[in-house]
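A short worksheet on the structure shown next.
Every number in this text was worked out from the coordinates using simple rules, so none of it is lab data. What you see is a predicted model; the values in this text were computed from it and never measured. So basically every Cβ, Gly included, is an ideal-geometry build from the backbone, and we count neighbours across all protein chains shown.
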Amino acid sequence: MATTFRKSVEEFTPPILFRAIAAILQRDPRSISDAARRSGQKGSDWYDQSFEDNEQSKWHYTKSSYYFLWSVIADRLVRVQARSVLDVGCGSGQLASLLKDKGIERYCGIDFSAKRIVQAKQACPEFDFVQADAFGTDLFETYGYDALVTTEFLEHVEGDLDIIFKIRSGARFLGTVPNFPFESHVRHFRDANEVAARYGPYFKDFRVDSFLSNDKGKTFFVLEGIKT
């Protein structure tokens, strides 16, 4: 299993980054699996602390480096005349505030970070926010949404497909995933084809669009489709 894990890390990590990490650790690249195991799914306390450490999470949405990405999500929801949104992994309420300003009528955000939910309620008191584990909440069944959003969430959890299965049939889905590794990432994707291969089978009219974030190749993929 360790060999398989190491090969997976090598496959999905750009060679330059792979060698750089190995150099930092002063190890042979073939031993990188030891470091890679330190990345992966984190608990709510990790996200509470990351919120405290990241001032950008408290800024108005227009000042965030994610604004360009949230704008794509918001514009697409407006285009399809979405009326009620369930946001899984809603964070500190910045996207919610943008959706409110765009005219979305009903919204419920879920996040298991207590500190992020407190901030979200302050940032956008007109909408509903619930501190809950996405894998245990019944809001997928009980909340009346016609669109479900997950921005920068699916790459952080082992059970990403479990969340996909929970989406109500006929609901529009909009999500984002990245092409780069990070401490709290379980996975990332090299290109749009990899994204489509993992998530496309569960939707109709599925599309993946790539958005370059900087001149170093950092990219976000926007997913959209109708849950089958």
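Among 217, 140, 197, pick out the residue whose Cα is farthest towards the positive end of the charge dipole of the stretch 135-228, where Lys and Arg carry +1 and Asp and Glu carry -1 on C-beta, about the Cα centre.
Checked the options; the winner is 197.
Which of rounded, prolate or oblate describes the stretch 45-85 when judged by the alpha-carbon gyration tensor and an a/c cut-off of 1.5?
prolate
From zero outward in steps of 5 Å, how is the percent of C-alpha pairs of the stretch 96-228 spread across the bins?
Whole-percent P(r) values from 0 Å outward: 2, 9, 18, 22, 21, 17, 9, 2, 0.
Any chance you could get the radius of gyration and Dmax over the Cα atoms of the stretch 32-133, in Å?
14.8, 48
Calculate, for residue 183 and residue 209, the FRET efficiency according to 1/(1 + (r/R0)^6) with r their C-beta to C-beta distance and R0 35 Å; round to the nearest 0.05.
It comes to 0.85.
Just to confirm my numbers, what's the Cα centroid distance between the stretch 166-228 and the stretch 60-75 in Å?
With the stretch 166-228 and the stretch 60-75 each reduced to a Cα centre, they are spaced 17 Å.
State to the nearest 20 debye the size of the charge dipole of the stretch 44-227 about its Cα centre, where the only charges are +1 on K and R beta carbons and -1 on D and E beta carbons.
620
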